[in-house]
Amino acid sequence: MFDVLIIGGGVSGMSCALVLGSAKNKKFVTDKKIGIFSHQKSSSLQDALFNNAYGIPAGKLGSELLSESIAHLDQTYPHITQIQNEKVFRIEGEAPNLTVITNKNSYQTKAVVVGIGSANTFAIDGLMQYVIPHQKALPEKQRIQLKNTDHLVTEGIYVIGTLAGWRSQLAIAAGSGAAVATDILTLWNNGVQTHAHDSIR
């Protein structure tokens with residue numbers, strides 16, 4: 001049983017995983033099992049070039065960021081389970097007893113974070129009733145989002161990044177994933193407002 005499964009290995013999903021991973025030494029996190037479906041093939045970062053993203057050298061390719069983020073997560077927070085080469089087809093049940101079904105396996109989890117982009121090809125059974133037109137995209141782009149309140153779709157299911165209705169700027173998507181990670185940490189900390197910072201002190 002996972003405590004949280006993140007669907008999507010792009011900016012928002014990886015940001016969520018990195019923040020959760022960085023909290024590993026907090027007492028209320030040490031026993032938590034965290035996983036991420038780190039499938040990146042359809043990420044919009046595959047064709048991206050960055051000259052305007054804070055902290056990223058000008059000229060950095062999105063495809064490089066994708067591969068580097070997988071290595072970063074693996075090396076720095078190896079306790080997070082990376083599930084590769086699986087596509088999520090369906091989410092069943094109610095929190096805290098959710099089942100995530102892929103093309104190869106099924107996984108039990110208490111919570112799910114969905115961050116797989118806003119293309120109108122979205123097709124995860126169990127979430128289709130929450131699909132609405134994207135509120136911050138041009139209508140002709142036919143983007144979609146999941147209806148949510150402050151990233152929460154329904155109990156135990158969060159949405160992040162462009163699928164949460166945010167614009168497709170790297171910093172915005174990263175912040176969205178990090179925000180949900182801190183919401184989950186706060187939940188795990190019995191509602192006490194929580195974040196995860198590293199320090200040289």
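Before moving on, here are some points about what is shown:
- THR121 passes every criterion in (1) within 17 Å of the chain's Cα centre (by Cα); (2) surrounded by fewer than 14 Cβ atoms within 10 Å (Cβ to Cβ) apart from (1).
- Flag for GLN75 being open to solvent by 30 Å² or more (accessible area, probe 1.4 Å), among the polar types (S, T, N, Q) and under 25 Å from ILE124 (Cα atoms): no
- The residues listed here are LEU152, LEU146; of these, the one that is under 15 Å from the mean Cα position of the chain (by Cα), surrounded by 22 or more Cβ atoms within 10 Å (Cβ to Cβ) and either farther than 22 Å from ILE56 by Cβ or small (Gly, Ala, Ser) (or both) is LEU146.
- With respect to being under 18 Å from SER43 (Cβ atoms) and of a type outside the set (Gly, Ala, Ser), GLN169 fits the description.
- Selected residue [among the β-branched types (Val, Ile, Thr), open to solvent by 40 Å² or more (accessible area, probe 1.4 Å) and over 21 Å from ASP47 (Cα atoms)] from ILE101, ILE116, ILE200: ILE200
- Selected residue (criterion: nearest to LEU127 (Cα to Cα)) from residues of the range 8-43 that are aliphatic (A, V, I, L, M) and open to solvent by less than 10 Å² (accessible area, probe 1.4 Å): ILE36
- Qualifying strands (runs of 3 or more DSSP E) (wholly inside the range 84-142; at least 3 residues being without any contact (Cβ under 8 Å) to a residue 40 or more places away in the chain): 88-94, 97-102, 131-133
- Any chance ILE157 is at pLDDT 95 or above, open to solvent by less than 20 Å² (accessible area, probe 1.4 Å) and more than 17 Å from SER22 (Cβ to Cβ): yes
- Within the set THR182, THR162, the sole residue that is at pLDDT 95 or above, surrounded by fewer than 20 Cβ atoms within 10 Å (Cβ to Cβ) and in a helix (DSSP H, G or I) turns out to be THR182.
- So SER69, is it out of contact with any helix residue (DSSP H, G or I) (no Cβ under 7 Å at 6 or more places or on another chain) and on the phi < 0 side of the Ramachandran plot: no
- Screening GLY62 with (1) open to solvent by 20 Å² or more (accessible area, probe 1.4 Å); (2) modelled with pLDDT under 95; (3) more than 29 Å from THR194 (Cα to Cα) gives one miss only, at (1).
- Entry remark, the range 44-59: residues being in contact (Cβ under 8 Å) with a residue 12 or more places away in the chain and either assigned to a loop (DSSP other than H, G, I, E, B) or open to solvent by 80 Å² or more (accessible area, probe 1.4 Å) (or both) number 7 in total.
The values are calculated or read from the model by the stated rules, or taken from the named source; none is laboratory data. Bear in mind that the values here come from a model prediction, so they are computed numbers and not experimental data. Positions of Cβ are backbone-derived with ideal geometry, glycine not excepted, and every protein chain shown enters the neighbour counts. Keep in mind that these areas ignore ligands, DNA and RNA; they rest on the heavy atoms of the full protein, side chains included. Shrake-Rupley method; radii C 1.70, N 1.55, O 1.52, S 1.80 Å.
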